[in-house]
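These notes concern the structure reproduced below.
The values are calculated or read from the model by the stated rules, or taken from the named source; none is laboratory data. If you're wondering where the values come from, they're calculated on a predicted model, not measured in any experiment. Glycine also receives a Cβ, built like all others from the backbone with ideal geometry; neighbour counts cover every protein chain displayed.
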Amino acid sequence: MEDYKKNSISLIGAVGLGTGVMISAGIFALLGQVAELAGSWFPLIFIIGGIVTAFSAYSYVKLSNEFPSAGGIGMFLVKAYGKGTITASAALLMAFSMVINQSLVARTFGTYTLQLFDGQQSSYFVPLLGVGLLTVAFLINISGNSFIQSFTSIASLLKITGLSIFAIAGLWVAGFSFTPANGGGDVSDPSFIQYIAAVALTILAFKGFTTITNSGSEIVKPKKNVGRAIMISISISLLIYLLLAWAVSSNLSLPGIIEAKDYALAEAAKPAFGNYGLWLTVAIAILATISGIIASVFAVSRMLAMLTDMKLIPHKHFGMPGNIQKHTLVYTIVIAMALTIFFDLSRIASMGAILYLVMDIIVHWGVLKHLREKVGANIFIVASALVFDAVVLGAFVWVKATSDLLVVGVSILFIAIIFVGERFFLKNTA
């Protein structure tokens, strides 16, 4: 496609895109939710999530090495399943999970920004601020690859530095104590299935590495650098997540973390640093969410454009000027805005985790069943990734079904509509 510029993204730029997406919603919005499910030892759940993600990333690295493409996951699915319903549906699940992530980041931006004003009138201003951020992301994405990779790389470096300073300072104030957060009488011990379910949210925190695969053919020396960028991004994010999780655990009680679920990091800054710490944390959160959403919009709009070019998804111009990629950029932003307005952080995260894990299972099965020899994949690693995903997804759906059946029902209905709709579309356009 004319919109994809070969060698337009460097290794550092690719790492910036990956960490830009991961270190945004991942730590700011999900830390409190992971603690709510996993209890006092929630920092360790991020390690497990990182391990599971590393197994999962193996399939994507092998696929990227063999089929570097700006279509990323969409192209991988075509190679595994052909241009049919499974490919189109799974690719859309990936795209929508990324759009859901954008709304998660947008609401996180609003939630943290309001901490500067004591969070007042958050029910109204959180979605308003989120929509404003999505508008800015749209305008920046029109500017092209060069500006995006430069901005996300610089923003990623700044937020990683800032978060590292915050985490180390927070641990220093607590005497570098790595003991778990104090519980309380009102907080019950998690069950084993809740621990497993919590891993699903940490996987969502790491899923930003797929942003790199969606820009495969645009990265310099993709067969060499896509895999490197993915593993570097995951490693950097895991280190930051662990430092921050322990810093929060050391400065807040477990009930305090759960109560401040959507802005736990900002709350943890208060006892350690007072208002200065709060301002610093909010500033980093704003920077992190801005870079994260720009990188995510960049990736998903290109993937949808590729699927449209392959005639796997329907497309209407609605009288808009410009090329298909600009149109998919508009669709991406509009859907993300709707989710930002109508859903809260917890439900957005839950839907994103379910859709992503279903898509991930389909990718691993495709590698295991159809592409193992072609890409030279290790059967044990791919099979392990498949089993890990299935177990985590099952546990997460079970826990959510007992606490929020609506989000499970909506997710299942949404998946069914995608598969049925794609089947109908492809049948009538063949």
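Data for the structure
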| item | result |
| --- | --- |
| Yes/no for GLY185 being in a loop (DSSP other than H, G, I, E, B), surrounded by fewer than 18 Cβ atoms within 10 Å (Cβ to Cβ) and either in contact with a strand residue (DSSP E or B) (Cβ under 8 Å, 6 or more places away or on another chain) or modelled with pLDDT under 65 (or both) | yes |
| Selection within region 382-409 - buried (at least 16 other Cβ atoms within 10 Å of the Cβ), in contact (Cβ under 8 Å) with a residue 60 or more places away in the chain and either over 16 Å from LEU357 (Cβ atoms) or of a type outside the set (S, T, N, Q) (or both) | VAL382, ALA385, PHE388, ASP389, VAL392, LEU393, ALA395, PHE396, VAL399, LYS400, VAL407 |
| Matching helices (runs of 4 or more DSSP H) fully within region 324-430 where at least 3 residues are of a type in the set (S, T, N, Q) | 324-342, 379-403, 405-429 |
| Members of region 307-323 that are at pLDDT 65 or above, of a type in the set (A, V, I, L, M, F, W, C) and part of a loop (DSSP other than H, G, I, E, B) | MET310, LEU312, ILE313 |
| Selection status of VAL248, modelled with pLDDT of 80 or more and either aliphatic (A, V, I, L, M) or farther than 10 Å from PHE166 by Cβ (or both) | yes |
| Residue satisfying all of: in region 205-242; modelled with pLDDT of 85 or more and among the hydroxyl-bearing types (Ser, Thr, Tyr); farthest from LEU171 (Cα to Cα) among these | SER233 |
| Test: THR152 is of a type in the set (Ser, Thr, Tyr), modelled with pLDDT of 70 or more and part of a helix (DSSP H, G or I) | no |
| Enumeration of residues in region 356-381 that are buried (at least 23 other Cβ atoms within 10 Å of the Cβ) and acidic (Asp, Glu) | ASP360 |
| Every residue from region 253-277 that is farther than 25 Å from ALA106 by Cα and outside any helix (DSSP H, G or I) | SER253 |
| Complete set of residues in region 197-239 that are surrounded by fewer than 21 Cβ atoms within 10 Å (Cβ to Cβ) and assigned to a helix (DSSP H, G or I) | LYS223, LYS224, GLY227, ARG228, MET231, ILE232, SER235, ILE236, LEU239 |
| Subset of region 52-93 (residues that are charged (D, E, K, R) and not in a helix (DSSP H, G or I)) | LYS83 |
